[in-house]
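The values are calculated or read from the model by the stated rules, or taken from the named source; none is laboratory data. Computed from a predicted structure; not experimentally measured. Heads up, the Cβs are rebuilt from the backbone with ideal geometry, glycines too, and the neighbour counts pull from every protein chain shown.
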């Protein structure tokens with residue numbers, strides 16, 4: 001089979017194609033230019049031309065409405081009742097679904113029994129006190145708080161339970177009532193003041209603060225997506 005003669009595109013041909021390609025059927029343009037569809041498509045692609053969304057949608061509607069279109073056999077006809085009409089709870093009842101569903105009483109692999117002690121993300125020794133659902137703090141309490149409450153009762157409002165200077169630890173044997181004390185928030189702020197440290201420590205704290213501020217300013221001037229910090233999901 002012989003190939004069609006190579007067509008030499010004139011300025012008028014290109015202008016006709018440029019003006020009408022987006023809104024006209026390729027077959028109609030091929031007939032107007034005396035070419036086959038493949039020749040018109042190659043030239044349109046070389047010129048970077050595209051069909052309009054409206055033409056594509058209209059063409060698709062016309063094709064799907066033709067009597068012999070394959071989609072007609074699978075369309076839901078007016079008045080057709082769905083196979084699951086009147087049946088409740090059909091989702092997830094298949095054997096393949098049931099095989100991977102959590103069974104009643106199933107616990108996550110991260111579950112820990114009551115009494116377990118772990119060091120949390122803040123470096124504080126926590127102990128599990130219940131299996132109550134909800135936020136983690138309902139199930140886990142600082143060991144220091146449990147030790148204090150066992151002797152002195154609840155922490156009064158407005159007071160903060162802290163370790164005495166030099167006594168902070170995650171060793172449960174060393175977390176004793178005499179290692180703890182209550183401070184007001186003002187006292188805690190004063191204790192954490194930079195002025196309570198030796199001069200070398202003060203200079204180091206100031207240097208770290210200056211570096212942190214520089215990093216924060218750079219981050220604000222050049223925003224970028226950041227992954228969220230991992231959360232402690234131990235139940």
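For residues that are touching a helix residue (DSSP H, G or I) at 6+ places or on another chain (Cβ under 9 Å) and not in a loop (DSSP other than H, G, I, E, B), scanning just the stretch 114-138, find the one that is surrounded by the most Cβ atoms within 10 Å (Cβ to Cβ).
Narrowing the stretch 114-138 to residues touching a helix residue (DSSP H, G or I) at 6+ places or on another chain (Cβ under 9 Å): 117, 120, 124-127, 129-130, 132.
Subset that is not in a loop (DSSP other than H, G, I, E, B): 117, 125-127.
Details: 117: 13, 125: 17, 126: 24, 127: 19.
Here the answer is 126.
Tell me the residue from 50, 98, 63, 73 that is under 44 Å from the mean Cα position of the chain (by Cα) and at pLDDT 90 or above, please.
On the way: 98 fails: at pLDDT 90 or above; 63 fails: at pLDDT 90 or above; 73 fails: at pLDDT 90 or above.
50 is the lone residue from the list that is under 44 Å from the mean Cα position of the chain (by Cα) and at pLDDT 90 or above.
Listed here are the residues, each with its yes/no results for (1) touching a residue at least 24 places away in the same chain (Cβ under 8 Å); (2) outside the structural domain of residue 132 (by TED's automatic domain parsing); (3) closer than 30 Å to residue 140 by Cβ; (4) not in a helix (DSSP H, G or I).
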| position | (1), (2), (3), (4) |
| --- | --- |
| 22 | yes, yes, no, no |
| 30 | no, yes, no, no |
| 43 | yes, yes, no, no |
| 59 | yes, yes, no, no |
| 76 | no, yes, no, yes |
| 82 | no, yes, no, yes |
| 85 | no, yes, no, yes |
| 106 | no, yes, yes, yes |
| 112 | yes, yes, yes, yes |
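Any idea how many residues of the stretch 182-216 are touching a helix residue (DSSP H, G or I) at 6+ places or on another chain (Cβ under 9 Å), farther than 19 Å from residue 122 by Cβ and surrounded by 14 or more Cβ atoms within 10 Å (Cβ to Cβ)?
Counting residues in the stretch 182-216 that are touching a helix residue (DSSP H, G or I) at 6+ places or on another chain (Cβ under 9 Å), farther than 19 Å from residue 122 by Cβ and surrounded by 14 or more Cβ atoms within 10 Å (Cβ to Cβ) gives 1.
In the stretch 162-180, what count of residues is obtained for those that are more than 17 Å from residue 120 (Cα to Cα) and touching a strand residue (DSSP E or B) at 6+ places or on another chain (Cβ under 9 Å)? Before you say what the answer is, go through the steps one by one.
Narrowing the stretch 162-180 to residues more than 17 Å from residue 120 (Cα to Cα): 164-167, 173-174, 176-180.
With the extra rule that they be touching a strand residue (DSSP E or B) at 6+ places or on another chain (Cβ under 9 Å), the set shrinks to 164, 167, 179-180.
Qualifying residue count, the stretch 162-180: 4.
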